[in-house]
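Any read-out appearing in this document is the output of simple, stated calculations on the displayed coordinates, not a laboratory observation. Bear in mind the structure is a predicted one, so any value in this text is a computation, not a measurement. No Cβ is skipped: glycine too gets one built from the backbone with ideal geometry, and neighbour counts run over all protein chains shown.
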Amino acid sequence: MTVLPGQGSDENPRPGYLCIEKFMRDAVGARALQSALELGLIDDLLRQSSADFAALAARSRIDPRGLHLLLGMLLANQVIEERGGRFALSAACRTALEYRDLLEAQLDFASLVAPDFLGMFSTLLVDPQRFFETSAIFGLFSYERCFEPTPENILATRRWMHFTTVLTKYEAQACIDHHDFASSRRLLDVGGNSGEFALRICRAHAGIQASVFDLPLVCDIGMEHLRGKPEAARIAFVKAGRARDEFPSGFDTVCFKSMLHDWPDREVGQFLENAYRALDPGGTLLIFERGKFDPKSQPIPYSMIPIMLFFRSYRVPDEYRMQLERIGFRDIDIQVVQLEMPFLLITATK
Ligand SMILES: C[S@@+](CC[C@H](N)C(=O)[O-])C[C@H]1O[C@@H](n2cnc3c(N)ncnc32)[C@H](O)[C@@H]1O
């Protein structure tokens with residue numbers, strides 16, 4: 001097993017987008033930034049190199065006492081700087097805003113599920129089933145709502161797909177950097193969601209035709225997401241049924257990105273057996289999936305609350321290896337790619 005460093009080296013530079021983490025370490029600082037984004041203060045500061053308190057107050061809906069508090073919190077969190085009575089975005093914040101879609105999505109996601117953690121962490125520890133039945137995060141990721149195209153179901157599905165799509169936009173690059181897709185021609189992405197992972201792979205490799213296999217509403221929203229993109233003609237969507245159906249076949253590459261952790265071992269085994277059948281002889285199975293994180297290595301940042309709540313779902317590499325060996329895959333290779341937490345990049349050959 002190869003462990004690839006996450007703190008940056010010539011061969012494996014730390015992905016630039018992780019610079020946003022600095023602004024989401026604690027709930028108070030992150031919430032202040034979220035409000036500054038929501039209330040237009042960040043945009044105001046982006047439009048000018050600096051502004052004094054009176055000018056910011058004149059253009060803001062926030063009353064002077066509120067603005068004083070918010071500016072103070074942003075100063076303490078190094079979102080802004082003050083020089084000679086004038087406020088400006090810090091250089092680090094300007095860089096982080098290059099990843100604004102991810103920053104905003106992570107702030108939204110964390111604030112949506114932070115009450116689960118604050119109110120029910122003890123329940124999660126002693127009664128996970130009850131936690132799952134009552135928590136916002138499991139209400140959000142309701143796959144049951146991905147079949148009937150009612151307006152409520154479409155809205156609910158769009159909401160969580162926004163998070164998975166933005167995360168995948170950035171995480172995909174790490175996978176593409178560490179796995180050479182050059183010999184792939186026909187690729188199946190199981191649980192491929194909005195098609196974002198397939199899109200990134202197809203953009204990097206002009207010779208690939210991809211199929212995304214996912215639940216019906218997810219596919220509909222995915223087709224919309226890809227509409228107008230040059231690679232869309234190379235990406236088909238295949239709708240899965242309620243039973244864990246056979247996959248379409250005839251692929252030289254089958255991928256599972258951040259999909260298998262949703263399922264218990266037995267179902268993971270079934271998905272991997274389906275993948276084996278969907279692959280041509282000599283084809284490659286690829287799993288790119290969060291691994292176990294070490295809670296003592298650093299204080300868990302606020303932005304990781306949504307990911308942390310799934311802590312029971314992440315596996316060690318050998319759990320995947322044993323399944324793959326049982327099914328008959330060979331040449332199993334396991335790398336650990338350090339993003340905000342360890343990702344397993346596992347490949348195996350049929
Ligand atoms: C945690 S999401 C991950 C999505 C995406 N691969 C990513 O990396 O963000 C799991 C995906 O599996 C899909 N899914 C759930 N049950 C499925 C099934 N039986 N067959 C295919 N996809 C399924 C969900 O709709 C969702 O898109």
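Just a few scattered comments:
- Potential lengthening of the chain between Leu125 and Lys239 amounts to 37.5 nm, from the contour at 0.36 nm per residue minus the alpha-carbon distance.
- The ranking of Arg321, Arg203 from fewest to most other beta carbons within 10 Å of each one's beta carbon is Arg203, Arg321.
- Spin-label model distance (nm) - Ser111 vs Gln209, 7 Å beyond Cα toward Cβ: 4.5 nm
- Reducing segment 193-253 and segment 13-35 to their Cα centroids gives an inter-centroid distance of 31 Å.
- Choice from Val113, Val336, Val218 with maximal GNM fluctuation in the chain (Cα, 10 Å cutoff): Val113
- Alpha-carbon centroid distance for the pair segment 116-139 / segment 67-95, whole angstrom: 36 Å
- Residue-wise HN-Hα couplings along segment 88-98, as the Karplus relation 6.51 cos²θ - 1.76 cosθ + 1.60 with θ = phi - 60° gives them from phi, are 8, 5, 6, 4, 5, 6, 4, 5, 4, 6, 5 Hz; Gly and Pro carry x.
- The trypsin sites (Lys or Arg not before Pro) of segment 222-302 meeting both criteria, a DSSP state outside H, G, I, E and B (loop) and at most 16 other C-beta atoms within 10 angstrom of the site's C-beta, are Arg227, Arg242, Arg244, Lys292, Lys296.
- With 0.36 nm allotted per residue and the present C-alpha distance subtracted, the Phe132-Asp318 stretch has 64.3 nm of extension available.
- Taking Phe109, Phe288, Phe310 in turn, the Gaussian network model of the chain (Cα-Cα springs below 10 Å) assigns the largest fluctuation to Phe310.
- Unit charges on C-beta of K, R, D, E only; dipole of segment 170-296, Debye: 180 debye
- Here's the list of lysines a cross-link from Lys239 could span, going by alpha-carbon distance under 19 Å and ignoring same-chain residues fewer than 8 apart: Lys257.
- Computed from the C-beta positions of Leu75 and Gln298, the FRET efficiency with R₀ = 22 Å rounds to 0.35.
- Amide hydrogen neighbours beyond the local backbone of Leu286, cut-off 5 Å, H modeled: Val254, Cys255, Phe256
- Each DSSP beta bridge with both residues in the chain is either parallel or antiparallel, and the antiparallel ones are about 45%.
- Working note: Karplus 6.51/-1.76/1.60 with θ = phi - 60° gives segment 303-309 the couplings 5, 8, 3, x, 6, 5, 4 Hz, where Gly and Pro are set to x.
- On the beta carbon distance between Asn153 and Ala88, with R0 = 45 Å, the FRET formula returns roughly 0.50.
- 222 nm mean residue ellipticity, helices alone, for the chain (DSSP H n ≥ 4; -39,500 (n - 2.57); rounded to 500): -14000 deg cm²/dmol
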